[in-house]
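Every number here is computed from the coordinates shown, using simple stated rules; none is lab data. Because the structure is a prediction, the values reported are computed rather than measured. Using ideal geometry, Cβ is built from the backbone for each residue, glycine included, and neighbour counts are taken over all protein chains shown.
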Amino acid sequence: MKPTSQQLNNLKDYLRKELKFRESFEEIFDHILSALEHQPEDIDFQDAVNNIINQDFGGHNKLPDIEKRIASSIADDCNKKFRNFFIEQLKTPVVFYYLPFGAAIYFVLNTLHLPPATIEGIVVAIAFCPSLLALFRNFKVGYAFGDRTGSARDKGFVFTAWFPVWLSGALILWLPKLGATFIFNVIWGGSGYIIPAIFITLGVIYNVAIIKLYNDEFKFAK
């Protein structure tokens, strides 16, 4: 069976009402479209679609459950990719690029003797960068895929992007409770700025990993 343009549009409209995410819509729509090729020409289009949905998906009422499984799989894959991208930065030979970078940050901080507030500002600025990428991603998704439907990657990407901001905010609220002397002597001053240099380097690595995740999502965009 070869459906007409109007029939395809009707099928798309129906699936968009039933499904929330772009990825599940594309997967189920492509499956139905492929299965229609094996349906006889003399059968009614709606009957053919119903047969496919009932036989291959267990019925129309099962579509939301199938979408949940698809979305969960995509979200897990997104989180796994981010972890892999982050860990890759800590392996040879890539880590050898970050070691001199971290040493340079330590040297600059130790030379300038920046106050804790300034260093905190630098750390927060680096932590805030992924959230800006998350905001930009929201605008690009519609243009790249030609569809403003939500993505199964949204929740995982947003959490990953905003996590450094939440963590930085929690640390800023928590550190003063330790006392100014402890903060200056142990964390910022007594360590010779080693800990701030490590924080900044890890922040840069985190940013690189999330940029890789961002690029991976749009790799197969239209």
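Below, the figures for the structure above:
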quantity	calculated
0 to 90° range, to nearest 10: angle between helix 45-57 axis and the chain longest Cα axis	50 degrees
Set of lysines with alpha-carbon distance to Lys140 below 26 Å, sequence-local pairs under 8 removed	Lys12, Lys17, Lys20, Lys68, Lys80, Lys81, Lys155, Lys212, Lys219, Lys222
Virtual spin-label span in nm between Leu171 and Val95, 7 Å along Cα→Cβ	2.0 nm
Long-range HN-HN contacts of Gly150 with modeled amide H, under 5 Å	Arg22
Computed [θ] at 222 nm, deg cm²/dmol, the chain (DSSP H ≥ 4; -39,500 (n - 2.57); rounded to nearest 500)	-25000 deg cm²/dmol
On Cα atoms only, tilt of 116-145 relative to the major axis of the chain in degrees	10 degrees
Among (1) 1.12; (2) 1.32; (3) 1.18, the entry derived from the coordinates for Rg/Rh (Cα atoms, Kirkwood Rh)	(3)
Cβ crowding within 10 Å averaged over residues, with 134-140, 200-206, 119-125, 94-100 ranked highest first	200-206, 119-125, 134-140, 94-100
